[in-house]
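Written out below as structure tokens is the structure these notes cover.
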Amino acid sequence: AFTRLLGYVRHFHPSDESAAADWNRLAVDGVRAVEDAANPADLARRLEDFFRQVAPTVRVFLTGQQPPLPSELTPAPGETSLKIVSWYHKGFGQQAAQQSAYSAYKSERVRKDAPGGHIAEKTPDPQKPFIAELGGGVTCLVPLALYADAKGTLPHGAAGGNSKEATFVKYSGNDRTTRLADVMLAWNILEHFYPYFDVVKTDWSRALTDALTSAAKDPDEQAFLKTLQRLVVQLHDGHGGVYHPLDSWSYSAPVIFAWIEGRVIITDVASEGGNGLQPGDLVLAIDGLPAAEALAEKEGLVSGATPQWRHYQALFRLRLGAFYSELKLDVLSRAGETRSVVLRRTIDSQNMREARPPTMNEIKPGIFYLDLDRITDEDFQSALPQLEKAKGIIFDLRGYPRVSPVIISHLIDSPVQSARWLVPIVTVPNHQPPLDYDTSGRWTLRPIAPRLKGKLIFLTDGRAISAAESYLGIVEAYKLAQIVGEPTAGTNGNVNPFSLPGNYSVSWTGMKVLKNDGSQHHGIGIQPTVPVSRTIRGVTERRDEQLERAVALVSQESGSTIIIRHLWAGSGPRAQLCGFAALTMRSQSRSVSLSKTNASR
């Protein structure tokens with residue numbers, strides 16, 4: 001009951017006192033004030049008494065026994081200079097970080113003239129408050145608009161008592177009250193501002209009960225971190241996450257895992273510290289747990305809109321940890337040998353990357369490869385003279401782009417638009433009507449010379465999220481290129497992080513994104529036009545099957561069979577990799593297959 005009322009007052013009651021309050025402190029103090037209420041009547045009294053300091057017109061009462069409206073919601077006779085004040089949220093923007101001119105999110109109290117108490121059209125009415133059951137046998141009445149005079153909202157309260165600068169308390173997740181308050185603060189922000197509850201269909205009320213119960217029992221701040229992570233998992237949001245300094249992701253073991261053919265497979269091994277592991281080795285157990293079980297345990301703390309994103313994130317986190325910490329693996333080698341190895345996490349997590357061709361590379365005469373995960377705008381501009389003459393260009397977007405969307409401008413003859421970006425306009429609680437959106441942030445990209453006219457292909461997979469999906473969404477909508485690989489992460493829209501007492505931070509998606517045609521993107525993502533999945537055999541042979549298919553598509557001519565050789569140096573600590581692959585090409589009703597060849601052939 002306290003949680004729900006906390007959100008209604010903080011985000012929607014427009015008093016001066018509420019706008020100036022230190023809500024971290026109020027949440028912690030409120031837990032202590034109401035938790036041991038003896039019965040519904042006692043709970044109603046405690047709630048109303050506690051919130052009177054910031055919301056004197058809020059009423060809490062036994063369900064079914066609604067009191068009369070507070071007199072302050074009726075204008076006094078003869079008042080001619082009154083205004084009506086209410087909250088206008090463009091997403092969640094009540095933290096200082098969101099007040100930047102560059103933020104997509106902004107919360108403000110708006111004032112509209114109401115001379116003599118006259119209410120203009122489309123202006124909220126103070127005498128029509130929000131009423132909702134809170135649970136525990138009590139109901140609240142919360143005005144969403146207030147009258148204000150020259151001195152401020154009515155009734156006037158004591159100035160300064162709840163100022164945001166009033167506290168110097170250091171909060172900790174080791175404190176039970178702080179943990180409960182954190183759940184309440186986080187749950188409410190997401191309850192009122194997360195834009196995807198219409199498609200994820202989670203039981204968010206049950207998520208609150210579970211999180212409060214867990215927070216009450218957690219032994220320390222580390223355990224509570226997992227409680228918050230499990231809460232955010234219920235959003236099914238690829239941007240969702242909870243972070244704390246205790247959770248170290250700084251160092252990686254010298255291996256990369258992937259989920260291939262329903263198994264955990266080693267796909268890359270660093271040149272040092274790999275203890276003889278090879279790409280294609282099957283992981284049987286991780287730190288004593290069967291590999292599938294260890295993966296499922298990690299996925300339980302990963303928020304994602306699609307299975308491919310959850311797999312990728314969980315496998316990424318399995319290899320990370322504190323410097324020099326151990327990772328124990330039981331593996332089955334390509335030769336059928338089962339053995340146990342101990343690896344040390346000594347590589348900066350940003351430096352342990354999969355083997356790919358050089359960032360910009362002419363992999364066959366006239367066919368260029370560009371890794372958008374690594375190139376910059378300067379790199380792209382320097383390559384334009386060659387790309388303009390290219391027979392084909394393969395853009396690798398299996399990750400997150402560093403290059404700006406200007407790259408799309410060189411692929412088009414007329415202006416294009418990005419997917420539909422919708423920042424929710426929130427003026428009432430619980431996603432109730434009226435529902436509206438700010439759509440002003442949508443990209444419009446115009447052609448820039450030179451126009452790249454070679455055959456274009458984009459590579460992608462479940463790692464491609466957010467900005468990568470913005471790029472690919474344009475490619476998909478305007479059919480600018482074939483898309484080769486696997487479905488993307490299915491999460492787009494600006495992230496809107498917030499902080500909680502105890503040094504916890506929460507990330508989540510604050511903006512709804514629909515595809516160009518208005519259809520759902522969240523949980524669906526961008527689907528490849530040419531599906532190609534990795535295979536264990538391909539990994540074992542150190543082949544990039546998705547890139548091979550892309551090269552074949554660019555190179556193919558009717559009825560031809562093409563053998564592709566690719567050679568590259570792995571980035572970071574990996575040794576050079578060299579692979580030879582033969583591709584099967586189909587022409588009308590016939591197909592020709594070539595087995596793996598050797599260098600001499």
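State yes or no: is S15 open to solvent by less than 40 Å² (accessible area, probe 1.4 Å) and of a type in the set (S, T, N, Q)?
Details: open to solvent by less than 40 Å² (accessible area, probe 1.4 Å): yes; of a type in the set (S, T, N, Q): yes.
Judged against the criteria, S15 is a match.
Please tell me if D281 is in contact (Cβ under 8 Å) with a residue 40 or more places away in the chain, of a type in the set (D, E, K, R) and crowded, with 20+ Cβ neighbours inside 10 Å.
Details: in contact (Cβ under 8 Å) with a residue 40 or more places away in the chain: yes; of a type in the set (D, E, K, R): yes; crowded, with 20+ Cβ neighbours inside 10 Å: yes.
When the stated conditions are applied, D281 passes them.
Out of all the residues in region 511-531, is one or more open to solvent by 50 Å² or more (accessible area, probe 1.4 Å), at pLDDT 95 or above, out of contact with any Gly (no Cβ under 6 Å at 6 or more places or on another chain) and closer than 30 Å to F92 by Cα? Show your work before the answer.
Narrowing region 511-531 to residues open to solvent by 50 Å² or more (accessible area, probe 1.4 Å): 517, 520, 524, 527, 529, 531.
Applying the additional criterion that residues be at pLDDT 95 or above yields 517, 520, 524, 527, 529, 531.
Those still in the list that are out of contact with any Gly (no Cβ under 6 Å at 6 or more places or on another chain) too: 517, 520, 527, 529, 531.
Right, trim to closer than 30 Å to F92 by Cα and you get 517, 520.
Yes, that holds for at least one residue.
Consider only pairs whose beta carbons are under 6 Å apart and that are at least six residues apart or on different chains; among these, list those whose first residue lies in region 330-343 and is under 13 Å from V269 (Cβ atoms) and whose second residue is open to solvent by 50 Å² or more (accessible area, probe 1.4 Å).
Partner pairs satisfying both residue conditions: V341/N275.
In region 1-55, which helices (runs of 4 or more DSSP H) lie fully inside it and hold 1 or more residues that are farther than 15 Å from N188 by Cα?
Correct list: 16-19, 23-34, 40-51.
For region 81-149, give me every one of the strands (runs of 3 or more DSSP E) that falls completely inside it and has 3 or more residues that are open to solvent by less than 10 Å² (accessible area, probe 1.4 Å). Write out each step before concluding.
Numbers: elements: 83-90, 106-113, 130-135, 138-142, 145-149.
The strands (runs of 3 or more DSSP E) meeting that bar are 83-90, 138-142, 145-149.
Open to solvent by 50 Å² or more (accessible area, probe 1.4 Å) and touching a strand residue (DSSP E or B) at 6+ places or on another chain (Cβ under 8 Å): is that true of P40 in this structure? Spell out how you get there, then give the answer.
Working: open to solvent by 50 Å² or more (accessible area, probe 1.4 Å): yes; touching a strand residue (DSSP E or B) at 6+ places or on another chain (Cβ under 8 Å): yes.
Taking the combined requirement at face value, the residue satisfies it.
Looking at region 50-80 only, could you name the residues that are within 19 Å of P14 (Cβ to Cβ) and open to solvent by 80 Å² or more (accessible area, probe 1.4 Å)?
Residues satisfying the conditions are R52, S71.
What number of residues in region 416-461 are out of contact with any helix residue (DSSP H, G or I) (no Cβ under 9 Å at 6 or more places or on another chain), closer than 29 Å to Q308 by Cα and touching a residue at least 60 places away in the same chain (Cβ under 8 Å)?
The qualifying residues number 4.
Here's a check for you: in region 435-447, which residue that is in a loop (DSSP other than H, G, I, E, B) and under 26 Å from the mean Cα position of the chain (by Cα) is farthest from A104 (Cα to Cα)?
Our first condition is that a residue be in a loop (DSSP other than H, G, I, E, B); within region 435-447, this holds for 435, 439-443, 446-447.
Those still in the list that are under 26 Å from the mean Cα position of the chain (by Cα) too: 435, 439-443.
Details: L435: 18, T439: 11, S440: 10, G441: 8, R442: 11, W443: 13 Å.
Applying the filter and picking the extreme gives L435.
Mind checking which residues of region 241-263 are farther than 15 Å from L327 by Cα and open to solvent by less than 60 Å² (accessible area, probe 1.4 Å)? Full working, then the answer.
Keep residues of region 241-263 that are farther than 15 Å from L327 by Cα, which gives 241-247, 258-263.
Residues satisfying the conditions are G241, V242, H244, D247, A258, I260, G262.
So for region 219-240 (the condition being β-branched (V, I, T) and in contact with a helix residue (DSSP H, G or I) (Cβ under 6 Å, 6 or more places away or on another chain)), does at least one residue qualify? Break it down into steps so the answer makes sense when it comes.
Taking region 219-240 and keeping what is β-branched (V, I, T), we get 227, 232-233.
Imposing the further condition that a residue be in contact with a helix residue (DSSP H, G or I) (Cβ under 6 Å, 6 or more places away or on another chain) reduces the set to 227.
For region 219-240, residues β-branched (V, I, T) and in contact with a helix residue (DSSP H, G or I) (Cβ under 6 Å, 6 or more places away or on another chain): present.
Exactly one condition in (1) farther than 24 Å from T491 by Cα; (2) outside any strand (DSSP E or B) is not met by L315; state its number.
Condition not satisfied by L315: (1).
Go through region 347-366 and give me each residue that's open to solvent by 20 Å² or more (accessible area, probe 1.4 Å), in contact (Cβ under 8 Å) with a residue 40 or more places away in the chain and under 28 Å from the mean Cα position of the chain (by Cα).
Scanning region 347-366 gives I347, D348, N351, R353, E354.
Looking at region 255-278, which of its residues are part of a loop (DSSP other than H, G, I, E, B) and over 16 Å from E486 (Cβ atoms)?
Quick first cut of region 255-278, residues part of a loop (DSSP other than H, G, I, E, B) only: 261-262, 270-278.
Hits for region 255-278 are A270, S271, E272, G273, G274, N275, G276, L277, Q278.
Kindly indicate whether V342 is among the β-branched types (V, I, T), surrounded by fewer than 13 Cβ atoms within 10 Å (Cβ to Cβ) and in a strand (DSSP E or B). Before you say what the answer is, go through the steps one by one.
Details: among the β-branched types (V, I, T): yes; surrounded by fewer than 13 Cβ atoms within 10 Å (Cβ to Cβ): yes; in a strand (DSSP E or B): yes.
When the stated conditions are applied, V342 passes them.
The values are calculated or read from the model by the stated rules, or taken from the named source; none is laboratory data. All figures in this text were calculated on a predicted structure; none of them were measured in a lab. A quick note on method: Cβ atoms are made from the backbone with ideal geometry, for glycine too, and the neighbour counts reach across all protein chains shown. Ligands, DNA and RNA are stripped out before the accessible areas are found, and what is left, the full protein with its side chains, is counted by its heavy atoms. Shrake-Rupley method; radii C 1.70, N 1.55, O 1.52, S 1.80 Å.
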